[in-house]
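The values are calculated or read from the model by the stated rules, or taken from the named source; none is laboratory data. This structure is a prediction, so every number in the text was calculated from the model and none was measured. Methodologically, a virtual Cβ is constructed for each residue, glycine included, from the backbone with ideal geometry; neighbour enumeration extends over all protein chains shown. All accessible areas refer to the heavy atoms of the entire protein, side chains included, with ligands and DNA or RNA removed. Shrake-Rupley method; radii C 1.70, N 1.55, O 1.52, S 1.80 Å.
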Amino acid sequence: MVTLSLVVIWPAAEAAAQRTTATGSGGAVATESPVATGAAVGVLRNGGNAVDAAVAAASTLGVSDPLVAGIGGGGYFVYYDAHTHRVYTIDGREMAPAADGPDLFIDPITGEPLDFPTAVTSGLSVGVPGNLMTWAVALRRWGKHSLASDLQPAERTASGGYKLDSAVREEIRENAFRFKQFGSSSSLFLPGGRLPAVGTIMKDPDLAATYKEIGRDGVGALYGGPIGADVVGAIHALPLARDATLVPRPGAMSLSDLAAYRAPVKAPTHVNYRGLDVYGMGPSSSGGSTVGESLNIMGDFNLSHETRAQALYHYLEATRLAFADRNRYVGDAAFVKVPLRQLLSKGFAKTRACLINPTHALKSPVAPGDPFKEQSNCSLKTTRAAQPSDATSTNELVVADKQGDVVSYTNTIEELGGSGIVVPGRGFLLNNELTDFDFAPLQKGVPDPNLPAAGKRPRSSMSPTIVLKDHRPFLAVGAAGGSTIITSVVQILMNRIDLGMTLPEAMAAPRASQRNSDPTQAEPAFLRLASTAGLEKLGEKFAIDDTSPLDPKIKIAPTIGWAAGLELLSGGRMQAVGEPKSRNGGGAAGVVKQSG
């Protein structure tokens, strides 16, 4: 790795990143934040590659959207290397401390699982964070600049401040009660004890100093060093405010847990769909396996020759079946035997596809299939197992550089606001990723692959995906939104590959998410589609998830997920695509050199 002195001219790039779609050459970026996209485009313009730009974007998101991103969380990094023509992945998922066990979220007095709010806002929920180690591993293997250089845009943003927009203000509002419980969180997000107004310049000098220290001393400052000591201190001796009304439970993380953390490079998942090679993230993520199985099932139907209602029907039924298998078989492969090859086989997909009734939708929850049998009489079973759920606070970024390297990177601190705990003096929130474990077995007498264990990584739905056409990058996509991440990615791929939409159209199209439970979650715009009446005639039932306590003055419409994508066009041109403004205010896309 070559260490360069980097001067990023990022404010101009940020201004150019106010658009939701950008087409051009020399490199492309899409994130949820103009500040983060601008930082990444600036790095590309100053000689960095896709990995450098991804690190700059991710670290800046930890400043400009701190309730969903940052070094207190973890994620999954999928990378196409134009030099080797191979796809690699990094598992930067958070890990349970060594002192944790299967009773992590069991109340020692009642013997019953803790209620979810109690588990989230606590030290118990905090997993050993993986984002910073992911950045270090990616840069060491494939980057051109040093970590210190790639952190400079984020450091400057934290020091100089960013303008608070309505979306991040709403995130703070929804977490105000929790933040008030911790003095460090309240002082950062509720200055003067009040909710800041839209347009307020939000500064985080503690985080700027933290980034500077990491740039100077390396990732060891967190993984075993003084920053890590402060993390452990905050988890054990919770920084409660004087007027706190909650009594959160401390966690068991130690400095040795941080020192032992690794972000391993792993082989990607792979399926071939309509002649395209689709690569994703393997366990501990369920994203690659469930996206892949869904596509394999859909591959048994000629969606491009079907009506829109028929194509959407096969998409919904495919994900219904794939989620049944995900819940039963996928967990951290270091702890459970995940039949990944079988789940992604065409033969197993046929045993699932034959269950799809051409005239009437299946009823959820359907039972998982047997991936060890590629022969089936298509007899349908149901199950009464409880359905696991994931939090919805995540972020996705995609980057391509002029050499043709591509990154799709999904990371998170889990819930909006994570655990609610800002590390005193360090300026970043800690995750609550361990609540992605099942608190207790979902079904009595049936093995559960996602129970807590020391050193285990909780199952995730994050699905960063790269699609190759003729062994060269074609698409990169990923999404936020908990378990709806998987369905968002599958639906976008179907829209682009089968239904002939452009990538901006594919991402903007109204979404529905079937995850082996009824009714199917849908956006209001999906219910207004002409095809929805045809789906309802086939027995599909829909509902809008409108449970978030939103400020009526903000009027954010209920949506499913948040995606980012890019497409490699002919002649070296690239198109970066963020969400349309109608979906949570939209994303931010940028290119190094703009064209039509």
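Checked against the criterion of being of a type in the set (Val, Ile, Thr), touching a residue at least 60 places away in the same chain (Cβ under 8 Å) and surrounded by fewer than 24 Cβ atoms within 10 Å (Cβ to Cβ), the candidates Val137, Val51 yield just one match: Val137. With respect to Leu151, is the statement that it is open to solvent by less than 40 Å² (accessible area, probe 1.4 Å), under 20 Å from Gly418 (Cβ atoms), at pLDDT 95 or above and not acidic (Asp, Glu) true? Taking the combined requirement at face value, the residue does not satisfy it.
Quickly run through the range 54-89 and pick out the residues that are over 17 Å from the mean Cα position of the chain (by Cα) and open to solvent by 10 Å² or more (accessible area, probe 1.4 Å). Correct list: Asp81, Ala82, His83, Thr84, His85, Arg86, Val87, Tyr88. Restricting attention to the range 265-301 and to residues that are farther than 16 Å from Arg326 by Cβ and of a type in the set (D, E, K, R), the residue that is most open to solvent (accessible area, probe 1.4 Å) turns out to be Arg274. Here the range 212-264 is the region considered, the condition is being among the aliphatic types (A, V, I, L, M), open to solvent by less than 30 Å² (accessible area, probe 1.4 Å) and free of Cβ contacts under 8 Å to residues at least 40 places away in the same chain, and the residue that is farthest from Ala333 (Cα to Cα) is Ala221.
Scanning the range 560-579 for residues that are at pLDDT 95 or above, part of a loop (DSSP other than H, G, I, E, B) and not charged (D, E, K, R) yields Leu569, Gly578. In summary, Asn516 fulfils each of the numbered conditions (1) among the polar types (S, T, N, Q); (2) in a loop (DSSP other than H, G, I, E, B); (3) farther than 16 Å from Leu321 by Cα with the single exception of condition (3).
Taking the listed residues Leu190, Leu207, the one that is of a type outside the set (Ser, Thr, Tyr), crowded, with 16+ Cβ neighbours inside 10 Å and within 18 Å of Ala57 (Cβ to Cβ) is Leu207, with no other qualifying. Cβ-Cβ contacts under 6 Å between residues 6 or more apart (or on different chains), taken from a first residue in the range 62-74 that is farther than 22 Å from Val137 by Cβ to a second residue that is among the acidic types (Asp, Glu) and surrounded by fewer than 24 Cβ atoms within 10 Å (Cβ to Cβ), are listed as Leu67/Glu171. If only residues of the range 154-188 that are β-branched (Val, Ile, Thr) and at pLDDT 95 or above are counted, the one that is nearest to Val68 (Cα to Cα) is Ile172. So which residues in the range 411-463 are open to solvent by less than 10 Å² (accessible area, probe 1.4 Å), closer than 22 Å to Asp115 by Cβ and over 19 Å from the mean Cα position of the chain (by Cα)? Passing the criteria: Ile421, Pro452. Being free of Cβ contacts under 8 Å to residues at least 12 places away in the same chain and either open to solvent by 50 Å² or more (accessible area, probe 1.4 Å) or under 17 Å from Ile413 (Cα atoms) (or both) is a description that applies to Pro108. Within the range 566-592, residues that are touching a residue at least 40 places away in the same chain (Cβ under 8 Å) and of a type in the set (Asp, Glu) reach partners that are open to solvent by 30 Å² or more (accessible area, probe 1.4 Å) and part of a strand (DSSP E or B) with beta carbons closer than 6 Å, at six or more positions or on different chains, in the pairs Glu567/Gln575.
For the range 43-65, a residue qualifies if it is within 21 Å of Phe189 (Cβ to Cβ) and touching a Leu at 6+ places or on another chain (Cβ under 6 Å), and exactly one does: Ser59.
Within this structure, Lys203 fails the test of being touching a strand residue (DSSP E or B) at 6+ places or on another chain (Cβ under 9 Å) and within 30 Å of Met298 (Cβ to Cβ). Listed conditions (1) open to solvent by less than 10 Å² (accessible area, probe 1.4 Å); (2) assigned to a strand (DSSP E or B) are all met by Pro473, apart from (1).
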